[in-house]
Each structure stands twice: as structure tokens, then as C-alpha cells.
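The values are calculated or read from the model by the stated rules, or taken from the named source; none is laboratory data. Computed from a predicted structure; not experimentally measured. Quick reminder, even Gly has a Cβ in these numbers, built from the backbone with ideal geometry, and neighbours come from all protein chains shown.
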Amino acid sequence: MSVLILAEHNNSEVKSSTLSTISAASKITNDVEVLILGFNIENISKEISNYQYVSKVLTLDNEKFEHAIAENIEPVIVSLADKYTHILAAANTFGKNVMPRVAVKLDVAQISDIVTIESEDTFVRPIYAGNALATVKSNDSKKVITIRPTSFDIMAKEGGSGIVESINFDLTEHNVEFIDREESKSDRPELSTARIVVSGGRGLQSAENFKLISDIADKLNAAIGASRAAVDAGYVSNDYQVGQTGKVVVPDLYIAVGISGAIQHLAGMKESKIIVAINKDEEAPIFNIADYGLSADLFEALPQLSSELDKLNSIEK
Amino acid sequence: MKILVTVKRVIDYNVQVRVKADGTGVEKENVKMSMNPPDENAVEEALRIKESGKADEIIILSIGEEKCQETIRTALAMGADRGILVKTNNEIEPLSVSKIVSKIVEIENPGLILMGKQAIDDDSNQTAQMTSALLNWPQATFASKIEIADNNATITREVDEGLERIKVKMPFIASCDLRLNEPRYASLPNIMKAKKKPIDVKPVEELGIDVKPRIENIKISEPASRQKGVMVADVAELVQKLKYEAKVI
Ligand SMILES: Cc1cc2nc3c(=O)[nH]c(=O)nc-3n(C[C@H](O)[C@H](O)[C@H](O)COP(=O)(O)OP(=O)(O)OC[C@H]3O[C@@H](n4cnc5c(N)ncnc54)[C@H](O)[C@@H]3O)c2cc1C
Ligand SMILES: Nc1ncnc2c1ncn2[C@@H]1O[C@H](COP(=O)(O)O)[C@@H](O)[C@H]1O
């Protein structure tokens, strides 16, 4: 059994999804190899080689890999595929973009978004927005898999002693050109790994009113999330969206404010440890899954919450 | 230019999906079926491109049972020109769908393929990427804006970090996000007109593609349900509970 995982990074930092993917791979073998493609990635290649479970880091450092273009990454993986029984990446927009290409080129089915590894060929994955769990067995000789990062613990960043090996690949040009990226910058914790998430929905009514959400998030050192309706209405940008077609989060505390609780939203947050719902409609479905429900007008409740938090002499952040 | 749009028939997104007691699947009897939501965005985008004069025919492709004709009709009523149903009563995995689409591309020669980014039943999010790799056409996944110029297009993609823009050469394949556009409703006269538009039905066997599933469903089960919690009287009580009972703040 040998597993290759595709690292996600921005050339200077390794994304936490990479750690979750290594962690998932370690459930299949203790011989995990990591492929990292990028530009000026000497430091992070070295860093990954120290991670627990990692036996080898294959690095391809080239300007052409500065941006993650699926058409460029896929042939590199395919060229290495012979040596591995499993190839894994994270089920986020990075992994989802690349891995189906790898699967089809190897003529195997891809197993998407797995949450449990039962054995080397049997996995559990949510379907129908998490309303059902499918236990699936792959009959392909090679398994191409994306894993749901929040379902696998992040392992230690040290304790490994992998070797770093640089590889070559003659990239033929493709018809895709990267133009630019508009990334939301914030000092808050990253949404997909934050310990506390405060999310706002259509009930917030405007982008300005989202200040009420960010005020609470600041006090709790929380990430901010949103429903699709809030994103569609332009209150916040798309990277805040939680749900079936957004991000999956599993924080210790999820506070849903002015969110009705559509199944597509629940798909992204219902595994949270503690769920709080603030909604003025006491019939709102979000209350069916909330540990603590408060039926109130958010425009009164949020300022009160802010001052109640101020009164606490300590907040665990 | 012809545009090929794929549409999948799925359980309507408003239906509360129930797992069958015997663990073989989910309840599909007497359940409302609809077009996979982002496929509606794909159809809408194709119509807008045609209306802007950049395309002259929109072909709708669905793969599945006879009833998928209804889904194709919905797209024809929105304004598409004709349909193709590749008929099979078996479950077809994205791998096979991508092979079937590639085969149809050989026959029809479209200049653009639009798909949904994800089917809301299997939540695979694979088919467009696979088709792109098979055809060796550029992929523009999770598209929330498509701007077509002469021989290329600029695409805005929804990624985890925010938005990314790429430029791709034609022909290319896009997977559409729900934010790409607002799908139109079919007007009554257009629904009538759609009844006369042709749908070509091809049994999957005719295409000579191996569509045997590679993944076996061992069982389909219900996820653990959450206990309904308590309602608190006011914000002060909520904060007390979070601090001293749940101990999360
Ligand atoms: C294919 C597909 C995929 C989707 N993917 C996602 C997804 O990933 N994520 C997602 O979130 N949605 C998704 N959706 C959309 C989803 O179906 C719902 O439409 C959406 O989640 C609703 O957002 P909301 O709860 O903010 O808005 P609404 O349903 O309009 O709810 C607003 C809530 O705010 C409450 N409210 C209003 N004013 C106040 C006030 N002053 N004080 C307190 N409460 C107030 C109301 O009582 C109501 O419950 C998807 C839909 C489809 C079809
Ligand atoms: N059986 C099918 N018939 C037509 N289109 C399909 C089918 N399966 C998948 N697709 C298309 O591929 C997209 C992505 O599906 P998936 O990869 O299964 O998430 C869908 O939005 C459809 O546009």
C-alpha cells in the first residue's frame, strides 16, 4: 500500500487541508508520500517533510506551477501514478478541480468527499446534502479520492523525517491562462478550521448590518460565515458561504443568526459541536438542530449579546 | 456555434430525502423530480450566449431513464433547440457520463459545453473536469461569470479563497455555479412550442461505451440525527449556558 497525496499551499504557506489529507492517508498506510507543485517552494517542501507520517516529499518547483491550474497539475500526477495504490487530495475547490481529471486519465472512478475510511477500498461519503451516508466500495485497481478535511484530525507538524526529492516534468502548454485572484483578507481565523463561527443569513438585510455579526465574531475570536442567500444578496463575498455548495465547517460553536436552516445550509454546519440559533421565527427549522435556540429579533439580540460578552470577565478564545 | 448543455434529473431540492429502511438507497417513489439546479443556470447561460448572437443552436443532453425527457423538455421550454436522451435504466457514474458526453461531442461538434458544477443527488462534482480531460479542452469550473470574446473567454471562478479569473481558449467546458445567472421561467407559449421540438433518444448500448459502475454501494444509511436542544429565554441566559454548561466561550 502506498499513498500519494497532493499538497495544497500558496507557495509560502501549507494549507491546513494538506494536514487533514495526510492524516486521512495515514489511515491507509504509514508510508505517505506528498507531491507539491509550486514556485519557490523550497521552504514549504522542507516543512512538509517533517510532518508526521510523511516518508517522502516529491517537489516540482517551477514558475509554471505558481498558480494551481488543474490542466498543469493533472499530467504530473498521472505520470507518477504507477507507484501508488491511492491518490488523495482535499475535497475543496483545489482538490475538486484537479482529481477528477486524474481519475479519468487513469480510467478509474473518483470517490468524492469521503468522511470515513473503513478499509483500503471501502469508504463512507455523504450524499443528498448529507441527508444520507453512502458506504461505497471501489472496484478499481487504483483509488482516486478526495477527502472532507473537517472529518480528519490534523496530525503533528513534526515527528516525521521524510526525504525531499525534486522531480522534473516537461509541461506542454495548455490553453488556460491565470489572470488574477481576489482573495478576502482578514485577520480572523480561517472559516473552515475556526473554533467558533458566527454566521449571518438573509435576516441581516444588508452588508452594513453584517457589522453586528463581525462585532460578535471579534469578541469571540471567531470566523464569519454566511448562508447562500446572504452571499447572493451581496452582504458578504462567496468565500463566506457555508453549506452543500459552500464550505463545510465543524467548529466547537456555530452561531446561526437570521438563517432559516435550509437543508443545503445544514449540510455545511450540522456536525458542529454546539449550535446556537437566533431567529425571530420560532418555527424556523434551524431550531430543530440547535442546542440553544433564542427566538428574538436579531437587531435587539446581537447588541445585547455584545454587551453580555463584555460583562464576562474571561472569554475562552 | 453549437452549445451542448447537460441536464440531470434529480430529486427536487425542496424534498426532504428519506433513506430506505433496507439500506439500498433513498426513497424515489412519488417524489418530485426536477432539473439539477445548477444545470438550470447552464441552460440559462447558453440562452444568453445565443441571444447575444454568439451561438446558433443549443442542444440539451441528459443521460438516464425515459423520464429524463421531461427534464429535457423543461430546458426546451426555456428556449433550447433540441434534445438528446442517452437512455439507460442503470445508475451512471460521472466517469461514464463524461465518456458519453465526449462521444456526443464527436457527433455534434459543439464549440462550448456547459454543465452544472455539482449534481445535488450524488454531490460528486466530477463530470465537467473529467470531460475536460477526456476532450483535452480547457476547463472553467465553478463559474460565476462567463465573458466570451472572439476566440477565448474570461471566466470568474468561485474558489475557497474568493474569486479567481482565468482566460481559456475556445472550445472549452464550464461547470456553472448557481450565482452565474438567474434562470428564466418558461412562458406558456414556449412550453407549447417545446412539445414540438425534437428529442433524439439513443439507447446507451448504441454508443459502444463501457458504463459498468466501478463503485459498489454497500449500504445507504441515515446520518445520526441531532437531539433538539432547548430554547433560552433571553440573551443573558444564552451566554450563561454557553459559558457554564457547554463551556465553549
Ligand atoms: C442546489 C442548491 C444549493 C444550495 N447551497 C446552499 C449552501 O451551500 N448554503 C446555503 O446557506 N444555502 C444554500 N442553498 C440555498 C438554501 O436552499 C436556502 O435558500 C438558503 O440557505 C436560505 O438562506 P437564509 O436562511 O439566510 O434565508 P431565508 O431562508 O430567507 O431565512 C432568513 C431567516 O431570517 C429570519 N429573520 C428575518 N429577519 C430577522 C430578524 N430581524 N431577526 C431574527 N431573525 C430574522 C427569518 O425568520 C428566516 O428564518 C442552496 C440551494 C440550492 C437549490
Ligand atoms: N446523468 C446525467 N445526465 C446529464 N448530465 C449529467 C448527468 N450526470 C451528471 N451530469 C452533469 O454533470 C454535472 C455535475 O455532476 P456530478 O459530477 O455528478 O456532480 C451535472 O450538473 C450535470 O450537468
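Exactly one residue out of A:K83, A:K96 is within 10 Å of another protein chain (Cβ to nearest Cβ) and more than 19 Å from B:I92 (Cβ to Cβ): that is A:K96.
Within region B:165-178, being in a strand (DSSP E or B), within 9 Å of another protein chain (Cβ to nearest Cβ) and crowded, with 21+ Cβ neighbours inside 10 Å holds for B:I166, B:V168, B:F172. Check whether at least one residue in region A:208-226 is free of Cβ contacts under 8 Å to residues at least 60 places away in the same chain, surrounded by fewer than 18 Cβ atoms within 10 Å (Cβ to Cβ) and at the interface with chain B (Cβ under 9 Å from one of its Cβ atoms), and report yes or no. Looking through region A:208-226, none of the residues is free of Cβ contacts under 8 Å to residues at least 60 places away in the same chain, surrounded by fewer than 18 Cβ atoms within 10 Å (Cβ to Cβ) and at the interface with chain B (Cβ under 9 Å from one of its Cβ atoms).
Of everything listed in (1) within 14 Å of another protein chain (Cβ to nearest Cβ); (2) closer than 26 Å to A:S45 by Cα; (3) out of contact with any Pro (no Cβ under 7 Å at 6 or more places or on another chain), the single unmet condition for A:I163 is (1). Is it the case that region B:110-130 has a residue that's within 17 Å of the chain's Cα centre (by Cα), among the small types (G, A, S) and more than 22 Å from B:I3 (Cα to Cα)? So far as region B:110-130 goes, yes, one or more of its residues are within 17 Å of the chain's Cα centre (by Cα), among the small types (G, A, S) and more than 22 Å from B:I3 (Cα to Cα).
At least 3 residues being without any contact (Cβ under 8 Å) to a residue 24 or more places away in the chain and surrounded by 24 or more Cβ atoms within 10 Å (Cβ to Cβ) is the threshold, and among the helices (runs of 4 or more DSSP H) wholly inside region A:10-127 not one reaches it.
Name every residue in region B:116-131 that is more than 7 Å from every other protein chain (Cβ to nearest Cβ) and buried (at least 24 other Cβ atoms within 10 Å of the Cβ), in order of residue number. Those that are more than 7 Å from every other protein chain (Cβ to nearest Cβ) and buried (at least 24 other Cβ atoms within 10 Å of the Cβ): B:G116, B:K117, B:T127, B:A128, B:T131. Picking from residues in region B:208-233 that are among the polar types (S, T, N, Q) and in a strand (DSSP E or B), the one that is nearest to A:N139 (Cα to Cα) is B:N217. Of the residues A:D170, A:D180, the single one that is acidic (D, E) and either more than 24 Å from the chain's Cα centre (by Cα) or surrounded by 16 or more Cβ atoms within 10 Å (Cβ to Cβ) (or both) is A:D170. Figure legend. Inter-residue proximity from region B:46-62: first residues assigned to a strand (DSSP E or B) and at pLDDT 95 or above, second residues among the basic types (K, R) and surrounded by fewer than 22 Cβ atoms within 10 Å (Cβ to Cβ), beta-carbon distance below 7 Å, spacing 6+ or different chains. Indicated pairs: B:E57/B:K2; B:I58/B:K50; B:I59/B:K2; B:I59/B:R82.
A single entry from A:Q264, A:Q244 fulfils the requirement of being in a loop (DSSP other than H, G, I, E, B), within 16 Å of ligand 2 (Cβ to nearest atom), touching a residue at least 60 places away in the same chain (Cβ under 8 Å) and within 8 Å of chain B (Cβ to nearest Cβ): A:Q244. Among all residues of region B:196-207, there is at least one that is at pLDDT 95 or above, assigned to a loop (DSSP other than H, G, I, E, B), surrounded by fewer than 14 Cβ atoms within 10 Å (Cβ to Cβ) and out of contact with any helix residue (DSSP H, G or I) (no Cβ under 6 Å at 6 or more places or on another chain).
Of the residues in region A:232-248, none is within 25 Å of A:S16 (Cα to Cα), in contact with a strand residue (DSSP E or B) (Cβ under 6 Å, 6 or more places away or on another chain), away from ligand 1 (no atom under 12 Å from the Cβ) and β-branched (V, I, T). Residues A:S237, A:S192, A:S166: which one is more than 30 Å from A:V54 (Cα to Cα) and of a type in the set (S, T, Y)? Answer to the selection: A:S237. I'd like to know if region B:132-139 contains one or more residues that are in a loop (DSSP other than H, G, I, E, B) and within 8 Å of ligand 2 (Cβ to nearest atom). Within region B:132-139, none of the residues are in a loop (DSSP other than H, G, I, E, B) and within 8 Å of ligand 2 (Cβ to nearest atom). Mind listing just one residue for me: the one in region A:267-317 that is among the aliphatic types (A, V, I, L, M) and in a helix (DSSP H, G or I) and, of those, farthest from ligand 2 (Cβ to nearest atom)? The qualifying residue farthest from ligand 2 (Cβ to nearest atom) is A:L309. Among the residues of region B:44-62, are any under 18 Å from the mean Cα position of the chain (by Cα) and farther than 30 Å from B:A149 by Cα? There is no residue in region B:44-62 that is under 18 Å from the mean Cα position of the chain (by Cα) and farther than 30 Å from B:A149 by Cα.
When A:G268, A:G203 are checked against the criterion of being at pLDDT 95 or above and more than 21 Å from the chain's Cα centre (by Cα), A:G203 stands alone in meeting it. The condition of being within 14 Å of chain A (Cβ to nearest Cβ), in contact (Cβ under 8 Å) with a residue 60 or more places away in the chain and within 16 Å of ligand 1 (Cβ to nearest atom) holds for only one of B:N36, B:N14, that being B:N36. Note on region B:201-249: residues that are among the β-branched types (V, I, T) and either more than 8 Å from chain A (Cβ to nearest Cβ) or in contact with a Pro (Cβ under 7 Å, 6 or more places away or on another chain) (or both) total 4. Checking each residue in region B:86-99 for being in contact with a helix residue (DSSP H, G or I) (Cβ under 8 Å, 6 or more places away or on another chain) and buried (at least 23 other Cβ atoms within 10 Å of the Cβ) picks out B:V86, B:P94, B:L95, B:V97, B:S98. The single residue among B:N151, B:N181 that is more than 7 Å from every other protein chain (Cβ to nearest Cβ) and either over 14 Å from B:N41 (Cβ atoms) or modelled with pLDDT under 95 (or both) turns out to be B:N151. Cβ separations smaller than 9 Å between residues 6+ apart or across chains give no pair from region A:287-304 residues that are within 7 Å of chain B (Cβ to nearest Cβ) and under 13 Å from A:L212 (Cα atoms) to residues that are part of a strand (DSSP E or B) and within 16 Å of ligand 2 (Cβ to nearest atom).
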